[in-house]
Amino acid sequence: MANIFTSSIGKKLIMSITGAFLVLFLTFHMLMNGALVFSDEAYDAIVNFLGANWYALIGTVILAAGVVIHFIYAIILTLQNRRARGKIRYAEAKREPNVEWTSKNMFVLGLVVICGLLLHLYNFWYNMQWTEIMGEHTNSLGMGPKDGAVMVRDLFSHLGYVIVYLVWLVGIWFHLTHGVWSMLHTVGWNSKVWMKRLRCISYILATLIVGGFALTVIIIYIQGLM
Amino acid sequence: MNFKLKIWRQPDAKSKGRFETYEVTDISADTSFLEMLDILNNKLIHEGKDPVAFDHDCREGICGMCSLHINGEAHGPDTEITTCQLHMRKFHDGDTITIEPWRSAAFPVIKDLVVERSAFDKILQAGGFISVNTGGVPDGNTIPISHDDAEESMDAAACIGCGACVATCKNGSAMLFVAARVSSLAKLPQGKVETLRRANAMISKMDELGFGNCTNTRACEAECPKAISISHIARLNRKFLISRFKN
Ligand code: HEM
Ligand code: SF4
Ligand code: FES
């Protein structure tokens, strides 16, 4: 077992496990955001619960490790694959029938995800959990780190941010439409019969998760207008 | 029919290659693609020029020798056929046809359109065989095999080892080929016994030879002349992971 992760399938297994973990995280994150649509108090209660306590910190570190490992292996795989393709490219290459654009551009989509993520970390994590970790009472926005609802409503009152976040979400949606069935296929859970079902499930899951985030952002924006 | 051919010419493995343009005229629509290249080569030989080197053997879609990336597709524009089964009626009079060798680091070009595919032989030598004692030849149908298993095995066994999967894959991965070989044996009683060892050995060899990592794009199954399904890759993943976890 020692060298399982050095093999090609082993590296894919790492992508698959970290990917699955990120999908789970996104699902919970989306559900928690949803609370804000209904009640600021409920949302702030969650924000308080996930402040700078030990469980939340450990969770954050594990999550960060998941993203970093997923990203590092994405780079390793992509570089190896470029090398395996050889130095000379085809002068002419047709797109194969039934092959999704997404499946060939997971790395590019991942970069979109990372860029959005950096902005997102600055917007929220830095101004919430980090401020708390540093033991400060006001963040760069001049608000308390536990004023989650206020912060979110403030950010999404700007149309520009709404658009940037929606673009980011579209990137995640594409990444997931391929990622979900791909991660199951990688661990061997697929067959001729399940192929169609899994692809269908990928679209549904990606749409539910991303749709949930997008709706929250849009509703918050509209509530801000009223 | 008349065609303009843009063909990759490369004198040997070391030299740099480039495209040369040729013209062929009066080709009947029923000429096969390889016959059309034969006609071109006859002409080149008559003109005292070096004929275009390309691989072929059976010319009936069963040996896996023919290759060629034609107008951006492995084995040309038709589906589920090899290059030797392609006919000029698939093209239009006056077309320019681009002909390239397989492009993959594990399949270096030897000359013109011929590539070295012995990496596949090495993968087979690593595990694509049965080493348990299967006894003498039994009477037909004395070993019960379900229809589904027999079909699954035969579908996988249709792989002719042409390498179109590797040539098409953006990752230069040989997973479809390896999966076909592992699956065809894994579904039969004599082959089943060594499935885990086989999956492990063949994947290890595949990695060692510089093929890429599969990212499930499905391009291989779209271009495979035998329409081998990537569901075999799922089985291979499963068997390989079990075998590595067990060790
Ligand atoms: C919210 C963040 C992310 C989630 C939920 C996610 C999810 C997934 C999933 C489920 C897979 C399928 C794993 C497999 O095929 O076995 C995957 C694959 C992949 N991801 Fe991500 N990912 C995320 C971020 C990223 C980032 C930041 C990158 C870096 C550029 C990236 C690059 C890739 C690549 C290259 C693949 C391999 C494609 C494949 O094998 O099919 N991902 N991701
Ligand atoms: S899997 Fe298909 S494309 Fe690949 S070597 Fe076998 S027959 Fe050729
Ligand atoms: S020459 Fe044998 S398969 Fe084409």
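The values are calculated or read from the model by the stated rules, or taken from the named source; none is laboratory data. Only a predicted model underlies this, so the values are computations on that prediction, with no experimental measurement involved. Every residue, glycine as well, gets a Cβ built from its backbone with ideal geometry; the counts of neighbours run over all protein chains shown. Remember, those area values only see protein heavy atoms, side chains included, never the ligands or the DNA or RNA. Shrake-Rupley method; radii C 1.70, N 1.55, O 1.52, S 1.80 Å.
Residues in the range B:216-234 that are open to solvent by 30 Å² or more (accessible area, probe 1.4 Å) and closer than 21 Å to residue A:187 by Cβ were compared, and the one that is nearest to ligand 2 (Cβ to nearest atom) is B:221.
Scanning the range B:153-180 for residues that are more than 16 Å from ligand 1 (Cβ to nearest atom) and free of Cβ contacts under 8 Å to residues at least 60 places away in the same chain turns up B:153, B:154, B:157, B:177, B:178, B:180. Scan the range B:208-220 and give yes if some residue there is at pLDDT 95 or above, in contact with a Cys (Cβ under 6 Å, 6 or more places away or on another chain), more than 7 Å from chain A (Cβ to nearest Cβ) and in a helix (DSSP H, G or I), otherwise no. Among the residues of the range B:208-220, at least one is at pLDDT 95 or above, in contact with a Cys (Cβ under 6 Å, 6 or more places away or on another chain), more than 7 Å from chain A (Cβ to nearest Cβ) and in a helix (DSSP H, G or I), which makes the answer yes.
The condition of being open to solvent by 20 Å² or more (accessible area, probe 1.4 Å), under 20 Å from the mean Cα position of the chain (by Cα), on the phi < 0 side of the Ramachandran plot and small (Gly, Ala, Ser) holds for only one of A:66, A:59, that being A:59. Do the conditions hold for residue A:88, that is, is it more than 14 Å from ligand 1 (Cβ to nearest atom), within 14 Å of chain B (Cβ to nearest Cβ), on the phi < 0 side of the Ramachandran plot and among the β-branched types (Val, Ile, Thr)? Taking the combined requirement at face value, the residue satisfies it. The single condition from (1) within 15 Å of the chain's Cα centre (by Cα); (2) within 13 Å of chain A (Cβ to nearest Cβ); (3) open to solvent by 60 Å² or more (accessible area, probe 1.4 Å) that residue B:74 fails is (3). For the range A:154-163, filtering for residues that are surrounded by 16 or more Cβ atoms within 10 Å (Cβ to Cβ) and touching a residue at least 40 places away in the same chain (Cβ under 8 Å) leaves 2. For the range B:84-107, the tally of residues that are under 19 Å from the mean Cα position of the chain (by Cα) and of a type in the set (Asp, Glu) stands at 1.
Taking each residue of the range B:26-42 that is without any contact (Cβ under 8 Å) to a residue 60 or more places away in the chain and looking for partners that are more than 16 Å from ligand 2 (Cβ to nearest atom) and in a helix (DSSP H, G or I) with beta-carbon atoms closer than 7 Å, six or more apart or interchain, yields B:30/B:89; B:31/B:88; B:33/B:88; B:36/B:88.
Only residues that are in a loop (DSSP other than H, G, I, E, B) and surrounded by 15 or more Cβ atoms within 10 Å (Cβ to Cβ) were counted in the range B:31-50, giving 1. Within the range B:153-163, the set of residues being touching a Gly at 6+ places or on another chain (Cβ under 9 Å) and either under 22 Å from residue B:68 (Cβ atoms) or within 15 Å of ligand 3 (Cβ to nearest atom) (or both) comprises B:159, B:160, B:161, B:162, B:163.
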